[in-house]
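To start, the structure under review is shown below, and the notes come after it.
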4 protein chains.
Amino acid sequence: MTTLRPGRLEAFSDGVFAIAITLLVLEISLPEGAGDDLLGAFLDEWPSYLAYLVSFATIGVTWVRHAAITHHLDGVDTTFVRLNLGLLLLVSFLPFPTGLVAEHVHDDEAERVAATILGLNLLLVSAMVSTLWAHAVRRGLVRPDADDTEVRLLAQRLTPGLAGYVAMILLGLVLPIVAVLGYLVIALALLIPAGLRRVRSIPLPQRNENDEGPGR
Amino acid sequence: MTTLRPGRLEAFSDGVFAIAITLLVLEISLPEGAGDDLLGAFLDEWPSYLAYLVSFATIGVTWVRHAAITHHLDGVDTTFVRLNLGLLLLVSFLPFPTGLVAEHVHDDEAERVAATILGLNLLLVSAMVSTLWAHAVRRGLVRPDADDTEVRLLAQRLTPGLAGYVAMILLGLVLPIVAVLGYLVIALALLIPAGLRRVRSIPLPQRNENDEGPGR
Amino acid sequence: MTTLRPGRLEAFSDGVFAIAITLLVLEISLPEGAGDDLLGAFLDEWPSYLAYLVSFATIGVTWVRHAAITHHLDGVDTTFVRLNLGLLLLVSFLPFPTGLVAEHVHDDEAERVAATILGLNLLLVSAMVSTLWAHAVRRGLVRPDADDTEVRLLAQRLTPGLAGYVAMILLGLVLPIVAVLGYLVIALALLIPAGLRRVRSIPLPQRNENDEGPGR
Amino acid sequence: MTTLRPGRLEAFSDGVFAIAITLLVLEISLPEGAGDDLLGAFLDEWPSYLAYLVSFATIGVTWVRHAAITHHLDGVDTTFVRLNLGLLLLVSFLPFPTGLVAEHVHDDEAERVAATILGLNLLLVSAMVSTLWAHAVRRGLVRPDADDTEVRLLAQRLTPGLAGYVAMILLGLVLPIVAVLGYLVIALALLIPAGLRRVRSIPLPQRNENDEGPGR
């Protein structure tokens with residue numbers, strides 16, 4: 001395990017993120033006999049599209065955060081690899097609760113259960129990303145030349161979502177659809193970094209690395 | 001987010017494109033009891049194959065255009081990452097309307113609805129690719145050494161599809177199958193660049209980059 | 001399109017090959033009520049496993065041949081990109097006829113139809129790989145430093161499968177299961193290169209490239 | 001075949017591992033009518049989650065071991081490529097027996113059969129990884145600069161699982177659920193290397209390779 005290159009961990013993780021995000025669409029389907037009024041049946045399925053959006057946005061933002069984390073690493077230890085597999089497990093599981101919300105949302109009681117299960121899954125994903133970064137910082141896996149401000153900013157950006165998920169899960173016991181909307185807001189909010197900086201991702205001195213970067 | 005390498009954005013996007021294009025086949029299935037006359041049932045399913053072809057060609061051409069865009073970038077900003085996730089969302093969704101066309105094409109009314117939904121999805125994919133490139137040019141994310149003619153050509157090649165999709169969506173309200181054929185023609189047309197140039201993709205001076213390029 | 005790096009074409013193609021080969025398993029399923037005699041139902045499904053094996057071996061060998069082709073390229077033109085998309089289309093389609101064989105193999109008439117459709121798909125995949133390589137050689141996309149013997153060997157290795165597929169498809173009209181076995185034999189035969197050479201894939205002088213190769 | 005770069009073999013294998021591990025979730029589904037008591041139905045499905053965990057952990061650890069193996073290679077021969085395709089075949093097949101365990105676990109007789117089939121699949125995966133490494137060592141595909149202790153450690157770590165799987169398969173004939181739990185324990189145990197070393201995966205002298213490593 002001491003011989004796992006961060007690059008290969010990234011490649012494998014990217015694969016899982018990309019597949020999980022693309023499999024979500026398989027959870028959307030119209031009921032039998034939808035052909036009689038296809039437009040009506042299509043529009044009626046809006047909770048499916050909402051659940052799809054929520055999980056897509058969450059996996060998307062998780063991928064962005066994962067990319068930011070591994071970008072700052074200069075090595076991984078066995079615990080990091082195991083925590084990373086745990087994160088991928090939680091992300092891969094998301095299509096299942098997404099499907100539950102998509103299917104049961106017109107039924108009041110089942111709606112509550114499905115929204116809660118989805119919320120717990122999203123909460124665990126978010127908590128695991130934070131754990132991953134905390135572990136990397138604590139064990140000194142972060143590149144010595146990483147900007148201290150950026151390292152702190154990353155940790156800050158990783159935490160506020162957790163409180164939001166807990167609040168939404170509780171709200172979901174009463175108003176499940178509102179909670180699902182709340183999950184979407186949290187994911188979108190996490191996509192907007194504090195300062196909305198317009199700087200290029202690769203500053204000029206690193207230009208050479210960039211040249212090789214996309215050269216896969 | 002300021003630390004996302006274009007290479008990792010490419011890798012993740014390639015993954016989503018590859019998965020979405022390969023999942024399309026799952027939307028094709030023969031009805032129950034097809035075994036009694038399998039050849040007849042297989043041939044009868046031709047609208048499924050047409051829908052499969054349309055979505056395959058569209059995702060294929062979108063991938064080619066995406067590759068051309070990211071090739072000219074020397075960095076990405078947060079808006080680019082978010083627009084890119086929006087594009088992947090629209091591409092990942094395609095198997096669903098593809099399945100609608102495949103399923104409902106022998107039913108006149110449902111056919112119209114399915115063809116329109118598919119057309120709107122294709123239109124949005126095309127519009128998003130253009131937005132992505134416009135954003136990159138406007139924010140100066142394009143490499144300073146990129147050929148001006150090529151940059152302009154890329155923008156030109158990205159626009160004509162939009163008008164075509166609008167025309168086909170309107171036509172589809174009357175003749176849905178013809179519209180689906182039209183979507184295929186648009187995708188194939190976008191695969192044929194104006195000049196049909198026979199030059200190699202990597203000219204000799206860049207040969208070194210090439211050596212590393214495939215070396216992933 | 002003149003800006004597509006061979007490396008990105010490889011990455012996208014590898015993705016499609018990997019997904020198509022892994023989706024095959026979804027075509028295997030036991031009939032309803034299999035739980036009463038699960039072992040019997042599992043063993044009874046042997047034609048599914050045979051079809052799975054055939055398609056897995058064919059996609060596997062196609063990937064190996066594709067890797068050999070792109071390894072010798074120093075650039076791609078637009079026709080190559082389009083032919084490559086055509087190959088990926090045919091490969092992505094394979095899970096569908098694989099499923100047909102898996103489902104209908106206990107029914108004599110349907111068996112014949114399913115085996116023929118699968119055979120035609122395999123034949124087209126094989127023909128497309130040959131076309132791809134022929135195009136690359138004709139248009140001078142092959143690296144000038146590529147070994148002439150290897151280039152000729154590659155073409156030779158690519159052709160014999162075609163005759164085999166035609167023979168098996170004809171045989172399948174009478175003995176479908178034997179034909180499916182024949183498809184498997186062809187794929188396995190293509191995996192065994194003439195000389196069974198034991199040389200390492202990367203000779204010492206190229207060692208440096210190798211160091212970077214896996215470093216994705 | 002003599003021209004297959006280890007990097008491309010890694011990329012393709014990573015793709016198959018990532019897809020197989022993510023497809024597992026599709027095997028989880030609640031029975032018809034689960035909406036009446038969704039929480040009960042969700043909790044009742046616990047054997048599905050256990051089977052999901054087992055296969056996820058096994059594919060995860062197989063990926064880690066595969067990464068360790070290919071990291072030490074400086075070339076591949078045709079037999080290695082074929083053995084590697086065999087490993088991918090066995091890994092891709094895993095979602096099927098995982099689904100069998102998930103579906104039939106409340107039925108005593110079927111449970112036994114499903115647990116045995118899953119165990120045999122896991123055993124074959126583990127045996128194939130060992131075979132792959134044994135072949136690489138025997139044929140001198142391992143880098144000359146590879147640390148001898150590490151090479152021996154890798155072989156040691158690869159073997160103990162086999163005996164465990166045999167024991168669990170036999171146990172599963174009597175207590176299938178306990179056997180499935182045992183499969184999970186074996187996978188988790190294989191994730192914990194002997195010394196639990198905290199060293200960074202890429203020591204400083206290799207830092208340059210690392211810089212390029214993730215630069216895909």
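The values are calculated or read from the model by the stated rules, or taken from the named source; none is laboratory data. Since the model is a prediction, treat every value here as computed from it, not as a measurement. Note: ideal-geometry Cβ built from the backbone for every residue, glycine included; neighbour counts use all protein chains shown.
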- Can you tell which of B:THR78, B:THR98 is more than 20 Å from B:GLY140 (Cα to Cα) and β-branched (Val, Ile, Thr)? B:THR98
- Return a yes/no flag: does the range C:20-35 have any residue that is over 14 Å from the mean Cα position of the chain (by Cα) and under 17 Å from C:ALA134 (Cα atoms). no
- Task: Those residues that are in contact with a Gly (Cβ under 7 Å, 6 or more places away or on another chain) and either of a type in the set (A, V, I, L, M) or more than 21 Å from B:VAL16 (Cβ to Cβ) (or both), I need them from the range B:113-142; list them, please.
- Result: B:ALA115, B:THR116, B:GLY119, B:MET128, B:LEU141
- Message: Quick check on A:TRP133: is it within 18 Å of the chain's Cα centre (by Cα), within 14 Å of chain D (Cβ to nearest Cβ), of a type in the set (Phe, Trp, Tyr) and under 27 Å from B:THR78 (Cα atoms)?
- Response: no
- C:THR70 vs. criteria buried (at least 20 other Cβ atoms within 10 Å of the Cβ) and either modelled with pLDDT under 90 or of a type in the set (Asp, Glu) (or both): yes
- Message: All but one of (1) free of Cβ contacts under 8 Å to residues at least 24 places away in the same chain; (2) farther than 20 Å from A:GLY182 by Cβ hold for A:VAL113; state the number of the condition that does not hold.
- Response: (2)
- Looking at the range D:64-83, is at least one residue out of contact with any Lys or Arg (no Cβ under 7 Å at 6 or more places or on another chain) and closer than 30 Å to A:ASP108 by Cα? no
- Query: If you check every pair at least six apart or on different chains, which have Cβ atoms under 7 Å apart with a residue in the range C:90-103 that is in contact (Cβ under 8 Å) with a residue 40 or more places away in the chain first and a residue that is aromatic (Phe, Trp, Tyr) second?
  - Reply: C:VAL91/C:PHE17; C:THR98/C:TYR52
- Task: Considering only residues that are of a type in the set (Ser, Thr, Tyr), within 14 Å of chain A (Cβ to nearest Cβ) and closer than 23 Å to B:LEU181 by Cβ, look in the range B:1-56 and name the one that is surrounded by the most Cβ atoms within 10 Å (Cβ to Cβ).
- Result: B:SER55
- Message: Within the range C:166-184, take every residue that is in a helix (DSSP H, G or I) and free of Cβ contacts under 8 Å to residues at least 12 places away in the same chain and give me the one that is surrounded by the most Cβ atoms within 10 Å (Cβ to Cβ).
- Response: C:LEU171
- Which of (1) at the interface with chain A (Cβ under 9 Å from one of its Cβ atoms); (2) in contact with a His (Cβ under 8 Å, 6 or more places away or on another chain) does B:THR116 not meet, given it meets every other one? (2)
- State whether one or more residues within the range B:79-93 are more than 12 Å from chain A (Cβ to nearest Cβ) and within 13 Å of the chain's Cα centre (by Cα). no
- Message: Would you confirm, using the coordinates I've provided, whether B:LEU88 is in contact with a Gly (Cβ under 8 Å, 6 or more places away or on another chain) and at negative phi?
- Response: yes
- Task: Assess whether A:VAL91 counts as being of a type outside the set (S, T, N, Q) and at pLDDT 95 or above.
- Result: yes
- Query: With respect to the numbered conditions (1) crowded, with 24+ Cβ neighbours inside 10 Å; (2) at the interface with another protein chain (Cβ under 7 Å from one of its Cβ atoms); (3) modelled with pLDDT of 90 or more, which one is the sole condition not fulfilled by D:GLY75?
  - Reply: (3)
